[in-house]
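Asks: Shown below is the structure under consideration.
The values are calculated or read from the model by the stated rules, or taken from the named source; none is laboratory data. Just so it is clear, the structure is predicted and the values come from calculations on it, not from any experiment. Cβ sites come from the backbone with ideal geometry, for glycine too, and all protein chains shown count toward neighbours.
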């Protein structure tokens, strides 16, 4: 069977643009918490340098996310994990693009992320962040890459929680304020729960094929019932944590409106029978995290 070579649209699809909001949300929320702390300290919250740094941090998060997506495409493809994939088509597994080319694209995005991170470190003078950046790129590659990928051992949700939640959110706040606060940590945990929920529902969708491929995610280790329960807990946890932010600034409670996206996602999770339904849950969860962050940022900044 002849496979059509990948076109530009296929490469864009392989970058999984639907997941990029998940990278942007913690930076937005981290910036919002920094704005709140600067306002309370009666400092210049709208400093142009801070806005530029936030923009670079957002680009860093997005390029790292794209790099992760291409790295997963490559690594799962060469392992044969995606041979019976039920989700969106992968470039490597389908043969639409040479594996080496997909890996090169992943490394290019990792390189861009590293360059952006270096610029931010030079600007901030927080040299220890080189270690954090290196760990983030290593985590991105070894999720499915290397001889013993941690994603195949059920640790994916934990690492995503740390890097796409705590690190991205508190790191953005620290970059702008030089401090770690209770609010930034709470916000980081909330974003981490959203990120873990997205990865988990993705793995719930792939549960049957991952079992065959020997990929031991949390979803494959749990029964379908407990897999749904775990997603529900992760998706609702940010709203429980929102109470802490409301105690500092009552109007951040408007972020509860994001439940208008989260609750349908939970309902679909409990009734889903097809991969397309799980993809919809994934997209709704990403949008939930983004709307949650944007509402809080809007309330604080404007």
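Asks: May I ask you to list the residues in segment 187-208 that are part of a helix (DSSP H, G or I) and farther than 24 Å from residue 28 by Cα?
Replies: Result: 203, 204, 205, 207, 208.
Asks: Moving on. All but one of (1) touching a helix residue (DSSP H, G or I) at 6+ places or on another chain (Cβ under 7 Å); (2) within 30 Å of residue 249 (Cβ to Cβ); (3) modelled with pLDDT under 90 hold for residue 47; which doesn't?
Replies: So residue 47 meets the others, but not (1).
Asks: Filter segment 1-45 down to the residues that are outside any helix (DSSP H, G or I) and closer than 24 Å to residue 284 by Cβ and list them by number.
Replies: Result: 15, 16.
Asks: If I filter segment 103-122 for residues that are crowded, with 16+ Cβ neighbours inside 10 Å, touching a residue at least 24 places away in the same chain (Cβ under 8 Å) and not in a helix (DSSP H, G or I), do I get at least one hit?
Replies: no
Asks: Checking the structure you have, find out if any residue of segment 201-218 is closer than 30 Å to residue 39 by Cα and in contact with a helix residue (DSSP H, G or I) (Cβ under 9 Å, 6 or more places away or on another chain).
Replies: For segment 201-218, residues closer than 30 Å to residue 39 by Cα and in contact with a helix residue (DSSP H, G or I) (Cβ under 9 Å, 6 or more places away or on another chain): absent.
Asks: Just to be sure before I move on: is residue 99 more than 23 Å from residue 280 (Cα to Cα), in contact with a helix residue (DSSP H, G or I) (Cβ under 8 Å, 6 or more places away or on another chain) and surrounded by 21 or more Cβ atoms within 10 Å (Cβ to Cβ) in the structure I sent? Before you say what the answer is, go through the steps one by one.
Replies: Values: more than 23 Å from residue 280 (Cα to Cα): yes; in contact with a helix residue (DSSP H, G or I) (Cβ under 8 Å, 6 or more places away or on another chain): yes; surrounded by 21 or more Cβ atoms within 10 Å (Cβ to Cβ): no.
Taking the combined requirement at face value, the residue does not satisfy it.
Asks: Before we move on, is residue 286 in a helix (DSSP H, G or I) and touching a helix residue (DSSP H, G or I) at 6+ places or on another chain (Cβ under 7 Å)?
Replies: yes
Asks: Also, I was wondering about something else. Residue 50 passes all but one of (1) assigned to a helix (DSSP H, G or I); (2) over 16 Å from the mean Cα position of the chain (by Cα); (3) surrounded by 21 or more Cβ atoms within 10 Å (Cβ to Cβ); which number fails?
Replies: Looking at each condition in turn, residue 50 falls short on (3).
Asks: What residue, among those in segment 247-276 that are modelled with pLDDT under 95, farther than 18 Å from residue 28 by Cβ and touching a helix residue (DSSP H, G or I) at 6+ places or on another chain (Cβ under 6 Å), is surrounded by the fewest Cβ atoms within 10 Å (Cβ to Cβ)?
Replies: 275
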